[in-house]
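The values are calculated or read from the model by the stated rules, or taken from the named source; none is laboratory data. Quantities reported herein were computed from a predicted structural model and do not represent experimental measurements. Because the Cβ atoms are built from the backbone with ideal geometry, glycine has one as well, and the counts that use them run over all protein chains shown. SASA here: full protein model, heavy atoms, side chains in, ligands and nucleic acids out. Shrake-Rupley method; radii C 1.70, N 1.55, O 1.52, S 1.80 Å.
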Amino acid sequence: MRIELPKDEMPRQWYNIIPDLPSPPAPPIHPGRMEPCTPDDLVDVFPMSLIEQDVSDKPWIDIPEPILDLYAQWRPTPLYRAVRWEQALGTPAKIYYKWEGVSPAGSHKPNTAVAQAYYNKQAGMKRIATETGAGQWGSALSYGCAMFGLGCTVYMVGVSYDQKPYRRLMMETWGATCYRSPNQRTQIGKRLLAERPDHPGSLGIAISEALEDAVPDPECRYSLGSVLNHVLLHQTINGLECKKQLAMVGDEPDVIIGCIGGGSNYAGHCFPFVPDKAAGKDIRFIAVEPQSCPSTTKGPYRYDFGDTAQTTPLLKMHTLGHDFVPPGIHAGGLRYHGMAPLVSQLIKEGIMESVAVPQTKCFESAVGFARAEGWIVAPETAHAVYVTEQEALKAKEEGVERVIMFNNSGHGYFDLAAYEAFLSGKLADYEYPVEEVQRALSVLPEVPEQ
Ligand SMILES: *Cc1c(COP(=O)(O)O)cnc(C)c1O
């Protein structure tokens, strides 16, 4: 059952959770001075408009008209009630999912990509440099840059570059240049390739390379597809639409589920519901991460670098250590050592739960979902599908008609090799790499109490 929000009902503001948090967010720390960053520290990295959004205390931020025009190409996105999947699972629960796979790049990521491209264009930039995991962010930003006539340079995590040529071809079709990371073009890339010529790369390494490329060029800025406050802000159009769509069918969610890599799709989906919980409504927020990269369930909540080369400001977050290299699971978008500070804080404060799950279970559920609902979801999204199924089966056991909603963050049409591995019985689970995490955590920076 498809719940369609009329075009003229599309939200015209983003929701900023910061003023609604129980305590102010921990400030980003300058790694040299060991003091909170000032906007000046970041002017070579991001346009000032985005730096201001990161620290804004305004609850609502107007979406500029050119961004609304681009959103209207695929938004509002549909909310579905998964009636056929409910029947297949035999659950009394009502399952809803928000479908972000209808965007040009096939995921939620264009919500922030077009916004970031717009603000960079406004700031007079000619080019944006970025990193990408499975290629979803690189393709989304390539699309955003194409819409505003900007150049785009993408460093793609090596293991995904090798496994997923189609995403690179999308980037190139939209006019971007895509490099395998680590790459000889950068100092950090040269160093890592000397140690290990077949280096699989990681998001942290690719971030370092993109920063090394962007910062010295006055007409180029860097862009991040997740983690930072302004990215999460841009994604909130998702949850705001869901609120209106649920109101159309007279339902309210009891459980809201999403997968977390850097945290942006889930934040955008659930943050608009957080004030309802604060106001006394009984809502469970469940964030789902992979067992092989369990930053929120196994990583401490403390200051760490966002990247491997230790160039970013220190962010207070759940982290497995900035030089942790996660195993090469198929959900490339979930292979990040840290977690968005705002998502980390909600978990720390007990407002949000998180759980780590193995990839084979996720694909099993994703295949069941595809056979009932038709949509073939991304490997990342499959993590949310699995936990939704678990919750639906729990509701069946308890015999309660619970309302469960999850964010269907993107399609898996370029991830069919992962489905092939699953369908032919070759997909394996990776153990949680205890020793590698212990080593990475032993070199975290010491930050004085703020
Ligand atoms: C990138 C991506 C994710 C993970 O990133 P978040 O910032 O945690 O949302 C999840 N799902 C899809 C489809 C993605 O492309």
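Counting protein heavy atoms only, the range 16-104 has 54 percent of its accessible area on carbon and sulfur, 1.4 angstrom probe.
State the three equivalent ellipsoid semi-axes of the range 76-188, derived from the C-alpha gyration tensor as the square roots of 5 times its eigenvalues, in descending order and whole Å.
Each semi-axis is the square root of five times an eigenvalue, giving 33, 19, 10 Å.
For the chain, Cys37, Cys178, Cys220, Cys242, Cys259, Cys270, Cys293, Cys362 stand unpaired, since no other cysteine beta carbon lies under 4.7 Å from theirs. By the rule of a C-alpha distance below 18 Å, with chain neighbours fewer than 8 residues away ignored, the lysines paired with Lys396 are Lys94.
Label the range 264-306 by shape, choosing from rounded, prolate and oblate, from the square roots a ≥ b ≥ c of the eigenvalues of the Cα gyration tensor; if a/c is under 1.5 it is rounded, and otherwise prolate applies when a/b is larger than b/c, oblate when it is not. If you can, show how the numbers build up before the last one.
Working: a/c = 2.20, a/b = 1.98, b/c = 1.11.
Prolate.
Rounded to the nearest 5, what % of DSSP beta bridges with both residues in the range 266-364 are antiparallel? That works out to approximately 50 percent antiparallel. For the peptides 45-51, 440-446, the ranking by packing is 45-51, 440-446, with the highest mean count of neighbouring Cβ atoms within 10 Å listed first.
Across the accessible surface of the range 172-247, with the other protein chains kept in place and a 1.4 Å probe, carbon and sulfur atoms take up 52 percent. What share of Cα pairs, in percent, lie more than 14 angstrom apart in the range 1-74? When every Cα pair of the range 1-74 is considered, 72 percent fall beyond 14 Å. For Tyr179, the residues whose modelled amide H falls within less than 5 Å of its own, excluding neighbours fewer than 5 places apart on the same chain, are Val154, Tyr155, Met156. Taken one residue at a time, the phi angles of the range 127-132 give Karplus couplings (6.51, -1.76, 1.60, θ = phi - 60°) of 8, 10, 10, 8, 10, 8 Hz. Gly and Pro are set to x.
Packing order of peptides 301-309, 232-240, highest average first: 232-240, 301-309 (average count of other Cβ atoms within 10 Å over each peptide's residues). Net charge of the neighbourhood of Met34, taken over other residues with C-beta under 13 Å away and scored Lys/Arg +1, Asp/Glu -1, is -3. In this structure, the amide hydrogen of Asn16, modeled 1.01 Å from its nitrogen in the peptide plane, lies closer than 5 angstrom to those of Trp60, Ile61, counting only residues at least 5 positions away or on a different chain. Reported to the nearest whole Å, the Cα centre-to-centre distance from the range 413-430 to the range 61-80 is 34. Taking one quarter of the surface of the C-alpha convex hull of the range 293-373 gives a mean projected area of 6.3 nm². Ranked from largest, the principal axis spans of the Cα set of the range 331-375 equal 38, 22, 17 Å. Its residues counted as N, the range 339-402 yields a C-alpha radius of gyration over 2.2 N^0.38 Å of 1.30. Both numbers refer to the Cα atoms of the chain; Rg and Dmax are 20.3, 61 Å.
Each listed q (0.21 Å⁻¹) maps to a log10 I(q)/I(0) for the range 10-148, found by the Debye formula over equal Cα scatterers with no solvent: -1.33.
Across all Cα atoms of the range 345-450, the radius of gyration (one decimal) and Dmax (whole number) stand at 17.7, 53 Å.
Place a point 7 Å from the Cα of Gln13 along the Cα-to-Cβ direction; which residues of the range 233-264 have their backbone N under 20 Å from it? The answer is 233-247.
Exceedance of the 32 Å cut-off in Cα-Cα distance is limited, within the set Lys98/Lys281; Lys190/Lys361; Lys243/Lys316, to Lys190/Lys361. Of the beta bridges in the chain, as assigned by DSSP with both residues counted there, near 35 percent are antiparallel. Can you give the FRET efficiency for Ser424 and Ala372, using 1/(1 + (r/R0)^6), R0 = 22 Å, r = Cβ-Cβ distance, to the nearest 0.05? That gives a FRET efficiency of 0.50. Over the chain, dividing the summed -39,500 (n - 2.57) contributions of all DSSP H runs of at least 4 residues by the number of residues returns a 222 nm mean residue ellipticity of -11500 deg cm²/dmol.
Here's how it looks for Tyr96: its modeled amide H is under 5 Å from those of Ala82, Ile404, Met405, Phe406, which are all 5 or more places away or on a different chain.
At 0.36 nm per residue, minus the direct Cα-Cα distance, what do Gln122 and Arg196 gain on full extension? Give it in nm, one decimal, please.
Details: separation 74, 0.36 × 74 = 26.64 nm, distance 4.07 nm.
Stretched fully, the Gln122-Arg196 segment lengthens by 22.6 nm.
Only protein atoms count toward the accessible area here, which uses a 1.4 Å probe; on the range 321-415, the carbon and sulfur part of that area reaches 49 percent.
Scalar couplings 3J(HN,Hα) for the range 295-305, obtained by applying the Karplus form with A = 6.51, B = -1.76, C = 1.60 to θ = phi - 60°, are 4, 8, 8, 10, x, x, 9, 6, 5, 8, 6 Hz; x denotes Gly and Pro.
Only aspartates and glutamates eight or more places from Lys426 in sequence, or on another chain, were considered; those with a Cα closer than 19 Å are Asp162, Glu364, Glu380, Asp415.
Shape summary: the range 214-348 maps onto an equivalent ellipsoid whose semi-axes, from the alpha-carbon gyration tensor, are 29, 18, 13 Å in decreasing order. Across the range 50-65, computed HN-Hα scalar couplings (Karplus, 6.51 cos²θ - 1.76 cosθ + 1.60, θ = phi - 60°) run 6, 4, 5, 5, 4, 10, 5, 10, 7, x, 10, 10, 4, 8, x, 3 Hz from first to last residue, x flagging Gly and Pro.
The alpha-carbon positions of the range 169-261 define a convex hull whose volume is 167 Å³ per residue. Per residue, the solvent-accessible area of the chain (1.4 Å probe, heavy atoms of protein chains only, all protein chains present) comes to 37 Å².
A simple count of charges around Lys281, restricted to other residues whose Cβ falls under 15 Å of its Cβ and scoring Lys, Arg +1 and Asp, Glu -1, yields -2.
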